[in-house]
1. Mind checking which pairs have a first residue in region 50-78 that is farther than 22 Å from G34 by Cβ and a second that is of a type in the set (F, W, Y) and not in a helix (DSSP H, G or I), Cβ under 7 Å, 6 or more apart or different chains?
2. Going by what's in this entry, would K86 be described as among the basic types (K, R) and either part of a loop (DSSP other than H, G, I, E, B) or closer than 16 Å to K24 by Cα (or both)?
3. Mind listing whichever residues of region 24-68 are among the small types (G, A, S), touching a strand residue (DSSP E or B) at 6+ places or on another chain (Cβ under 9 Å) and surrounded by 11 or more Cβ atoms within 10 Å (Cβ to Cβ)?
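Since every read-out is calculated from the coordinates, none of them should be taken as a lab result. Computed from a prediction, not measured in an experiment: that's the story for all the values here. Cβ sites come from the backbone with ideal geometry, for glycine too, and all protein chains shown count toward neighbours.
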Amino acid sequence: MAAPGQLALARPHARHRGLGRIGKAVAIRGQCFGMKLLAYEPFPDHAFAKQYGVTFVGLDQLLAESDFLTLHLPASKESRHLINRKRWQR
């Protein structure tokens with residue numbers, strides 16, 4: 001059990017949208033805590049995923065199973081409103 005103000009990590013699921021340079025660095029750190037790593041990435045790096053135990057999934061599955069969600073993508077027309085109230089309610 002975690003002390004007040006601390007987070008207990010019992011194999012939480014870390015989710016990443018965008019597994020570029022920054023997303024990969026965050027994934028490596030999550031792996032160090034024993035997190036199960038899922039990612040939604042339109043251009044997956046399968047060699048990195050194999051080395052660090054990342055599983056690629058669809059965006060809806062990513063959100064449905066998230067304990068933690070990190071977003072690492074450029075602000076663009078395509079990414080605007082990617083995560084919104086409607087998507088969280090699914």
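1. Between residues of region 50-78 that are farther than 22 Å from G34 by Cβ and residues that are of a type in the set (F, W, Y) and not in a helix (DSSP H, G or I), the close pairs are G58/Y40; L59/Y40.
2. So K86 does not fit the description; no.
3. A27, G30, A39, A49, G53, S66
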